[in-house]
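Below is one structure; the comments refer to it alone.
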Amino acid sequence: MGPWRCLLLLPLLAPALRAQQQQFMEYVERRLTLLEERISQWHDQSSRYSTELRDFKNQVLGMLEAAEKEREAMRAEAEGAAVRVDRLEREVDYLETQNPAPPCVEVDETLMDKQVATAKQRKNEKYTKLTDCSDTIASVRAMKILKRFGSASGLWTKDAAGSSEKIYVFDGTANDTVYVFPRMREFTLFSATRKAARIKLPYPWVGTGHLVYDGHLYYIRQQGPSFQVIKFNLANKTVVDSSVFPAEEQIPVFGLSPSTYIEVSADEEGLWAIYATKEDEKNMCLAKLDPGSLDIEQMWDTPCPRENAEGAFVVCGALHVVYNTRLPSRARVQCVFDVSGTLAPEDAALPYFPKRYGSHASLKYSPRERQIYAWDDGYQIIYRMEMKKKLEV
């Protein structure tokens, strides 16, 4: 097509081009209008959501303030309840001291003459004291729960005679590995045993009646029907001596601790062994041990029954036996036997242990600290004792 024909077509195409351009502009304007409407709608929704969020935040803050007030009120009520419980414990303590526990010796009128004769005979066999210790327990002054470690039954203690701060832990009633923590701090802070040294014993122990005394471990080994007291040097890890305990047909010494046949205890006078035999299966026996040779220096038949007993310890030559009381989760000293005869039965205090988790698996008295290391259903507890002077008979 020639140039002149294009010039002739321009007037004809111009209106069509203008109409198409007009349609495009109208389309763009419609799209812009729709976009503006959507932006405006988004802005309105955003403002509404911001308002709702602000209202929700204010509502949550109000709820948190109310919850904080309720928490403070509950804390105040809990503190008040603790004060009332503490007051109730003191009142129960007072009532129980005013109403002493029932006698732990069964009275049989047909055996009265025999018992009196035996008592007179034993009066001449009093123990000759090695020290001037004249103290006895007045009450449990305080209790401190250290932690929970190991199984339900076990034993933890310090050296009852030395100055070492090491903590010795015997987990379970049948084992051969003793955990040794350098101080109370390491034992309290760490739940695992990575901070503890391990001592593997040549023979496994039985029960929870063991004792650490003057750098030596005195523990009980069962060998057939007989029981041995093993003296183990903790410094060089060797057995220094061993002795078969001279008692026939032994039975568990505590009715509530069937795995313990001999309880080795320490006080201001030295070492003691608490045990029981079938010959007098109702009551416990007490023996004075020579810590050097493990010989039995003297033996006594005590009036303290085995039934419902869960532990025992010796303080200044007086055996204290702990029993369950009538109330659940309570334990109390209900029998005291003084080998020197300087503590009258009516003057002996019968303190109770105010709180427990289950049952005491072991109670180890520390004469140099005047406190008891207890193992209670896997919890390690310290009982600090209040002492008083004995009133001589």
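How many residues, within segment 248-276, are more than 24 Å from Tyr373 (Cβ to Cβ) and crowded, with 17+ Cβ neighbours inside 10 Å? Talk me through it step by step, then tell me what you get.
Taking segment 248-276 as the starting set, the residues that turn out to be more than 24 Å from Tyr373 (Cβ to Cβ) are 248-251.
Okay, now just the ones that are also crowded, with 17+ Cβ neighbours inside 10 Å, so 250.
Matching residues across segment 248-276 total 1.
Kindly state which strands (runs of 3 or more DSSP E) lie completely within segment 292-354 and contain at least 3 residues that are farther than 23 Å from Ser259 by Cβ and open to solvent by 10 Å² or more (accessible area, probe 1.4 Å).
296-305, 331-338
Any residue at all in segment 231-247 that is in contact with a Phe, Trp or Tyr (Cβ under 7 Å, 6 or more places away or on another chain), open to solvent by less than 60 Å² (accessible area, probe 1.4 Å), assigned by the TED database to the domain that holds Trp375 and not in a strand (DSSP E or B)?
yes
What number of residues within segment 230-264 are under 18 Å from Leu201 (Cα atoms) and within 23 Å of the chain's Cα centre (by Cα)?
1
Going by the structure shown, is Glu72 open to solvent by less than 80 Å² (accessible area, probe 1.4 Å), modelled with pLDDT of 85 or more and of a type in the set (D, E, K, R)? Walk me through it before giving the result.
Values: open to solvent by less than 80 Å² (accessible area, probe 1.4 Å): yes; modelled with pLDDT of 85 or more: yes; of a type in the set (D, E, K, R): yes.
Here the answer is yes, as Glu72 does meet what is asked.
Out of Val107, Val140, report the one residue that is modelled with pLDDT under 85 and among the aliphatic types (A, V, I, L, M).
Val107
Leu155 passes all but one of (1) of a type outside the set (S, T, N, Q); (2) surrounded by 16 or more Cβ atoms within 10 Å (Cβ to Cβ); (3) within 17 Å of the chain's Cα centre (by Cα); (4) modelled with pLDDT under 90; which number fails?
(4)
The values are calculated or read from the model by the stated rules, or taken from the named source; none is laboratory data. Quick caveat: nothing in here was measured; it's all calculated off a predicted structure. For neighbour counting, all protein chains shown are included, and Cβ atoms are generated from backbone atoms with ideal geometry for every residue, glycine included. Accessible surface is based on the protein model in full, side chains and every heavy atom, while ligands, DNA and RNA are left aside. Shrake-Rupley method; radii C 1.70, N 1.55, O 1.52, S 1.80 Å.
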